[in-house]
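The values are calculated or read from the model by the stated rules, or taken from the named source; none is laboratory data. Quick caveat, the model's predicted, so the values are computed rather than measured. Every residue, glycine among them, receives a Cβ derived from its backbone with ideal geometry; neighbour counts consider all protein chains shown. SASA here: full protein model, heavy atoms, side chains in, ligands and nucleic acids out. Shrake-Rupley method; radii C 1.70, N 1.55, O 1.52, S 1.80 Å.
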Amino acid sequence: MTLADARARVLRLAVAPIDDVADAALLRRLARAAERFTPLVGLDPPDGLILDVTGCAHLFGGEAALVQTARATMHRAGVSTRACLAATPAAARALVRFSRLGRVAAVDQAAAVAGLPVAALEMEPEVTQALLRAGLRDIGDLANRAPAVLAARFGAEIAEKLDALQGLQDNRITPLRRPPDCLAERHFAEPVGDMACIEAALQRLAGDVGGALERRGVGGRRFLVTLFRADGAVRRLTVETGEPCRDAAVILRLIRLKLGSLADPVDPGFGFDALRLSAGRLEPVTALATRLDAPPLADDSLSALIDRLGARFGREQVLRLCGYDSHDPDRADDSVPAQEAAEPPLMSAAPSGEPPLRPLTLFDPPHPIDALAEVPDGPPLRFRWRRVVHEVARAEGPERIAAEWWRAGPAAPTRDYYRVEDAAGRRFWLFRQGLYGSDPGLPRWFMHGLFA
Amino acid sequence: MSAAAGGAVYAELVAMSHFSFLEGASSAQELILTALLLGHAGLGIADRNSVAGVVRAFAALRELGEGGSLPPLRQRIGSGPGEHVLVPPADGAAAEDMRALILERARCFRLVTGARLAFADGTPDIVAHARTRAGWGRLCRLLTRGNRRAPKGECHLGLDDLCADAGDLNLILRPGRSLARLDDTLGRLGEVAPGAVWLGASMPRRGDDRRRLALLMQAAKRSGTPLLATNDVLYARPEARDLQDVLTCIRAGVPITAAGRRLEANAERHLKTPAEMARLFADCPAAIAESLRFVETIDFSLDQLCYDYPDEPVPPGRSAQEWLAELTFRHAEARYPAGVPEKVSCLLRQELDLIGRLDYARYFLTIHDIVAVAREKGILCQGRGSAANSAVCYVLGITSVDPAAHDLLFARFISEERREPPDIDVDFEHERREEIIQHIYARYGRERAGLAATVIRYRPKSAIRDVGKALGLSADVTAALAGTQWGSWGSEITRAQVAQAGLDPDNPEIGRAVGLAQRLIGAPRHLSQHVGGFILTRGRLDDLVPIGNAAMAERTFIEWDKDDIDTLKLMKVDVLALGMLTCIRKAFDLMGRHLGRPMDLASVPWEDATVYDMLCRGDSIGVFQVESRAQINMLPRLRPREFYDLVIQVAIVRPGPIQGNMVHPYLRRRAGAEPVRFPSPAPEHGPADELHQVLHRTLGVPLFQEQAMRLAMVAATFSDIEANRLRRAMATFRHLGLIGQFEALMVSRMVARGYDRGFAQNCFEQIKGFGSYGFPESHAASFARLVYISAWLKCHHPAIFAAALLNAQPMGFYAPAQIVRDAREHGVAVHPVDINHSHWDNTLEPDGRGGLALRLGFRQAEGLWQEEADRLVAARRAGFDSVEALAVRAGLQGRTLRALADADAFTSLGLDRRTALWEVRRLPAGPPLPLFAAADAPELGAEPDACLPAMHPGEQVASDYQTLRLSLKAHPLAILRPHLDREGLLTCAAAVARPGNAFVRTAGVVLVRQRPGKGTAVFITLEDETGIANIVLWASQLDRFRRAVMGARLMEVAGRLEKSPEGVTHLMAARIIDRSDLLDRLWQAMPADAPGLDPAQRAWHPRDVRLLPRSRDFH
């Protein structure tokens, strides 16, 4: 059904676009939470997870209990689930998607699979359609027939899929993540809630990771701390650096800064039962043999400072100025996070040989002045600024800049800018606000800036 | 602020209209009116590499000079006759007060026309204005060259192109920001156009204006080029700055917050008063004076574009008039083998005389030439329009309606005084029109033939979408706003619609977006080719107007649209496509083949009473124009008995007569329930029967566009010009204060001439009701002819008619299922698609009772291609005896064979769909192995019996609908009937047969779903195995049942029956339930999520509906 069609049927239809990115992110988040049950968690996009729990069930009190616990964990995360445990991934996937069993079907899996509709094979729609046209409705109908007869009509693939579904052929899952290149873990016998203990553990982990990085001649630019809480919540902290890094002290300091600056502090709740530190974005580090009397490298210290400030206050808080494309001089600059690659400033420059268009100093807000000028839009002849009267010797203008009408609030009056030089050779940037005769009370004059 | 008061005399020469797409923000009309009011001496319109807007400016100036106010804008809403709305100019009312001033100024105002050449090679823009007719031709050729080498909508020009031939053009160089290469360019231009180059200077308030002006003055002096003051205008008034900013954003595809310095810094690029311009150019008063000198050098106006029709059709040494007369009398003898009746030859002489006086001979000859080619190629065609209603056209074979027999005389439709170009639209078979178009290009050459343009304008939906995006509204909000538009043709976005989208109309951002979108509606967005309006010329067409490439390969079109062409009185030929002609051609072919009776449009027997009997019953599925539900309901009321009744039938079910409330008075008079009387003027003012002459054929009720005008001219003695103004004003009565003016004028004149005041008032009310929607009688007559012919075919040769209709798809109103059903109800045996009997097209077979049976063709099946079907038929010989034989001999492979099996086409082999499919899927996908093929031997070994479950009837029917969109086995509801019976639902036939006012419950598949115009009711047609039921749901109830009404494929309705005296029955719905889920029961044992019946798909036209007929949605 198209959206227009749906809207025709329901007038006030609430519509939200499908956000594949967010859905995928959610799925990955859930996958990470599921890593507590087994290291082998596979994604089954768009909306499924496959866990290989071989040898894990006893830790959770048996298969049924494992399924129960896993569903409960997902439920706490606000996600309703259907779950099924079967002997092979293919059967589990088909049962959970195409039957309403929703329970462990390990014992009578063959019967359960036989009752699945042919759509569970997930062949091309055309093939599924053809099977239905032939009157073959469920897997049982197919299983009774000679594989060669089916393969002749629907391709060899159908036999494979049928085998996989029936558990005659076993395909293992591809886990979501291969273990990180460099990782250190610490499991506690009892959940730990004391932050001091946690920091101590982190220090050990930082040392382990830093050592591992050094042995490999690389440094990490992203360090990930994973805190597994006893009740299933997973807290992850990321610190990033501008340069590859492997110094345990530096890593630990950045993590500490991060921990100290969290808007919502790490809540140990019932305590953490595992900690993990991994390093990512590995880049080679060439050890520099600097001379003992060499001056400190300026670039290094600036980026180190930006890293530290960023880790402490958040990357949105450490800014760098740049130009912004607008006619309005008040809005012609902008700021971006300093950790982002700096772009060349977008400032309007006069063509070479021309006088500068914009002054070096800008007053914010502009200073109101008294000025005498010819109507309707002549340049000022004389003006008084900071109680000093200036006689205008030369003037150029007006440069007329209208307000940005699309911005909220009442529209500002148009400004006429003049570059003027007084009798003493000082240069000013003045403007008249409001066009003559357009608004009562206008125009008014302002000093907006000074040329060198 | 007149020229005298300001002391300055000035003409703006560089102005863009909104035909500089997404750059200029004002219409040419607005620019002209504003310039006039500001006291400019003239205005130069120059759009970016285009002259598409200049005709509008020309027309606007002419209107201002004649009437002192701007005409409403004509916006086409479809390609049919009369399908346009008139939109009043934004400030028409204000202009009203200043009429005298405008009239006076318009007379000496000079319009300068040209184009702004934007170069691809970095040269700054040069505005080129035509100084003479020759200059105009050069400009058009230059633009044509740029257009033809670029993809559609672009124009690639270099300075060299201009320099190659720049004579007779006035060039204004608009220097860019950098003046570096100015001297070079000026020098070069000075060489190629000595004395005709100006350096344009403007004062845009960029700060360095005066310094720059000084530099330009020096440059001008160095090169000996005069400096010309301009303001480089983008819009008429400063208030349009925001709209222009939005256009810039749309063009650049950026939201306004990111547009930055792509936008103009200020609102200065509007038309300024001469005094203000003089003040700005105080440093160089000569530049202001130069503008007047520039205007005085111009010796060109668009009315010099005189137009010559091609000579090709006239043999050398003959005059066109002579030749037309000779052809006419030669053909007349063929048309009337028994001798030309005296009445006809007298009429022919009169018409030829009129044609001679108006110099239309070559026009008629050109049309005749095209029609003759069509006849040679065996393509059916028929002309319509004012000039088509002539005996000349009839004898020349352009039309098949004998005007003498039906009082549709040429002279009635042609005004000698107005000198409007004649109008003939020629409809061709839709499948073969392209042949005619390519013939025209081939015969006249691309430099002499071109299609007219269609201006694609902003409609509410596209306007709000683009503005929303430019203002940075989220896609959701924009989509919601755009989604509230029921039809795309409304020209307003109301508060209610905004609220309906779930948005707050008082929200400033929404309000701003809606306001800007409102202003954008109607602005041109781009040019596209017209569906078939050709301009042919004797000389070069690109001397008249630039030609550009169309999106379609092998097509070129000119920059002007139909209205521009009308304004300049150029003559055009409309080469249009009509599906019904294809159908009739195919029916005639079948008649020739199976009945040995060759036919053409003129040889269908006239006025056959059984045909009218059939139409009176409302039995008209498939018949041209009268097959919609509204027409079917009208037929038993109007009871057509002769040809002219069909002319009325075609015209009466239209928004004009319906909204003008003329349908019921006409029906009452026709039924004799109301006296037909024609008041007379006082004897001294005119003949007593003057109104009788205008209205007697429609029983005193004006039903046609032409009648409304005649009424004003005859009864109220409106002059031609007054009638024209009335025609233009009609649609805009609501917006402007014009209504009282015309009403007073018309009523007082009629009263003065002795008419009763009440009657005069009533006449005016009727004209008013007409609005802009009226169907012209001159077109209705030709359509009526096709109504009659298709009805005659359906009545006497239902099998042939059904086969032709199916073979001409897509066309008409109904899906194949209804066409086949209708044929069977008329006693035609219909046979299924079969590999041993079918062809690609639907064919006819003897039915064993001396009649013809319809054999469905492979074209009805999904997934089959004609080329494969032809191969199958060619390889058939004595027939196929096995699936494999078919595969090998016809060289068909997997997909095709599966499609054939899906269509259940193997029944003659004793294989039902399921078994056939099982067999077919086993065949190898590739071509047969050479060894087996050579031996013609079966490649496959034996296989055990598959023992597939038998297909039950529901499955069969559902599969039929999936693969053929129809089933000959049963109607889906017949399968579901036991279930419906249990629920106590009546069949449609049984429900309709109950007495009036009975309360009934019935169910059926939804065939049609319509909400006509601003209708207060929704009409739904249900169908089941017994017949159809017409449902009416009051719009007030719609919200309650919206989901069911809009979504149901199978619908249950409960309500009361209402029966009209003519036997039309409606079921007034009190409750509507969506029962589409029942359709899934056809598959019975199938699980719910299996791909059974597809979910309802969106389809806008009944004949396009999928699977089970869903209907035309509201629009």
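Out of B:G740, B:G769, report the one residue that is modelled with pLDDT under 75, in a helix (DSSP H, G or I), out of contact with any helix residue (DSSP H, G or I) (no Cβ under 7 Å at 6 or more places or on another chain) and within 30 Å of B:A60 (Cα to Cα). Of the residues listed, the single one that is modelled with pLDDT under 75, in a helix (DSSP H, G or I), out of contact with any helix residue (DSSP H, G or I) (no Cβ under 7 Å at 6 or more places or on another chain) and within 30 Å of B:A60 (Cα to Cα) is B:G740.
Mind telling me which of the residues A:A6, A:A22, A:A57 ends up being over 17 Å from A:T81 (Cβ atoms) and either open to solvent by 60 Å² or more (accessible area, probe 1.4 Å) or touching a helix residue (DSSP H, G or I) at 6+ places or on another chain (Cβ under 6 Å) (or both)?
Answer to the check: A:A57.
For the stretch B:210-229, a residue qualifies if it is touching a residue at least 40 places away in the same chain (Cβ under 8 Å), open to solvent by 10 Å² or more (accessible area, probe 1.4 Å) and within 14 Å of another protein chain (Cβ to nearest Cβ), and the qualifying residues are B:R210, B:A214. Among the residues of the stretch B:280-293, those that are assigned to a loop (DSSP other than H, G, I, E, B) and either open to solvent by 20 Å² or more (accessible area, probe 1.4 Å) or within 8 Å of chain A (Cβ to nearest Cβ) (or both) comprise B:A282, B:D283.
Of the residues making up the stretch B:424-477, those that are within 30 Å of B:I250 (Cα to Cα), open to solvent by less than 10 Å² (accessible area, probe 1.4 Å) and not small (G, A, S) number 5. In this structure, is A:A70 open to solvent by less than 30 Å² (accessible area, probe 1.4 Å) and touching a strand residue (DSSP E or B) at 6+ places or on another chain (Cβ under 8 Å)? Considered against the rule, which asks whether it is open to solvent by less than 30 Å² (accessible area, probe 1.4 Å) and touching a strand residue (DSSP E or B) at 6+ places or on another chain (Cβ under 8 Å), A:A70 comes out as yes.
Taken over the stretch B:495-516, residues that are charged (D, E, K, R) and within 12 Å of chain A (Cβ to nearest Cβ) amount to 2. For the stretch B:261-279, the criterion of being of a type in the set (D, E, K, R), surrounded by fewer than 13 Cβ atoms within 10 Å (Cβ to Cβ), at negative phi and modelled with pLDDT of 90 or more is met by none of the residues.
Taken over the stretch A:321-332, the criterion of being at pLDDT 80 or above and either touching a strand residue (DSSP E or B) at 6+ places or on another chain (Cβ under 8 Å) or more than 13 Å from chain B (Cβ to nearest Cβ) (or both) is satisfied by A:Y324, A:H327, A:D328, A:P329, A:D330, A:A332.
For the stretch A:351-396, the set of residues classified as among the small types (G, A, S), within 14 Å of chain B (Cβ to nearest Cβ), more than 51 Å from the chain's Cα centre (by Cα) and open to solvent by 30 Å² or more (accessible area, probe 1.4 Å) consists of A:A395 only. Taking the condition closer than 30 Å to A:V79 by Cβ, more than 20 Å from the chain's Cα centre (by Cα), surrounded by fewer than 19 Cβ atoms within 10 Å (Cβ to Cβ) and at pLDDT below 85, does A:G232 pass? So A:G232 passes the test.
Only residues that are surrounded by fewer than 21 Cβ atoms within 10 Å (Cβ to Cβ), modelled with pLDDT of 85 or more and of a type outside the set (V, I, T): list them for the stretch B:373-419, please. Selection gives B:R375, B:E376, B:K377, B:G378. Each residue in the stretch B:895-917 was checked for being more than 10 Å from chain A (Cβ to nearest Cβ) and over 12 Å from B:L948 (Cα atoms), and 13 pass. Applying the criterion of at least 3 residues that are within 14 Å of chain A (Cβ to nearest Cβ) to the strands (runs of 3 or more DSSP E) found wholly in the stretch B:953-1048 leaves B:999-1010.
Taking the stretch B:1045-1068 as the range and being without any contact (Cβ under 8 Å) to a residue 40 or more places away in the chain and open to solvent by less than 10 Å² (accessible area, probe 1.4 Å) as the test, only B:V1045 passes. Scanning the stretch B:267-278 for residues that are touching a Pro at 6+ places or on another chain (Cβ under 8 Å) and either more than 7 Å from chain A (Cβ to nearest Cβ) or of a type outside the set (D, E, K, R) (or both) gives B:A267, B:R269, B:H270, B:A278. Scanning the stretch B:49-64 for residues that are at negative phi and either surrounded by fewer than 24 Cβ atoms within 10 Å (Cβ to Cβ) or not hydrophobic (A, V, I, L, M, F, W, C) (or both) yields a total of 7.
One residue alone among B:R330, B:R335, B:R357, B:R362 is free of Cβ contacts under 8 Å to residues at least 60 places away in the same chain, touching a helix residue (DSSP H, G or I) at 6+ places or on another chain (Cβ under 8 Å) and either buried (at least 16 other Cβ atoms within 10 Å of the Cβ) or not acidic (D, E) (or both), and that residue is B:R362.
Across the stretch A:113-137, the qualifying residues are those that are over 14 Å from A:A164 (Cα atoms) and more than 8 Å from every other protein chain (Cβ to nearest Cβ), and the one among them that is most open to solvent (accessible area, probe 1.4 Å) is A:E124. Taking the condition farther than 22 Å from B:A46 by Cβ, of a type outside the set (D, E, K, R) and surrounded by fewer than 19 Cβ atoms within 10 Å (Cβ to Cβ), does B:A180 pass? So B:A180 fits the description; yes.
Screening the stretch B:858-894 for residues that are surrounded by 15 or more Cβ atoms within 10 Å (Cβ to Cβ) and charged (D, E, K, R) and picking the one that is farthest from B:V957 (Cα to Cα) gives B:R889. Where helices (runs of 4 or more DSSP H) fall entirely within the stretch A:1-96, those with at least 2 residues that are more than 14 Å from chain B (Cβ to nearest Cβ) and in contact (Cβ under 8 Å) with a residue 60 or more places away in the chain are at A:20-34, A:63-76.
Of the residues B:A890, B:A878, B:A853, which is without any contact (Cβ under 8 Å) to a residue 12 or more places away in the chain, on the phi < 0 side of the Ramachandran plot and not charged (D, E, K, R)?
On the way: B:A890 fails: without any contact (Cβ under 8 Å) to a residue 12 or more places away in the chain; B:A853 fails: without any contact (Cβ under 8 Å) to a residue 12 or more places away in the chain.
Only one candidate passes the filter, namely B:A878.
How about the stretch B:186-235: which of its residues are over 24 Å from B:L271 (Cα atoms), in contact with a Ser or Thr (Cβ under 7 Å, 6 or more places away or on another chain) and either part of a loop (DSSP other than H, G, I, E, B) or of a type in the set (G, A, S) (or both)? Selection gives B:G187, B:G190. With respect to the conditions (1) within 30 Å of A:R137 (Cα to Cα); (2) over 37 Å from the mean Cα position of the chain (by Cα), B:R994 falls short on a single one, namely (1). The one condition from (1) farther than 30 Å from A:L3 by Cα; (2) open to solvent by 40 Å² or more (accessible area, probe 1.4 Å) that B:R1071 does not meet is (1). Only residues that are under 20 Å from the mean Cα position of the chain (by Cα) and small (G, A, S) were counted in the stretch A:17-53, giving 5.
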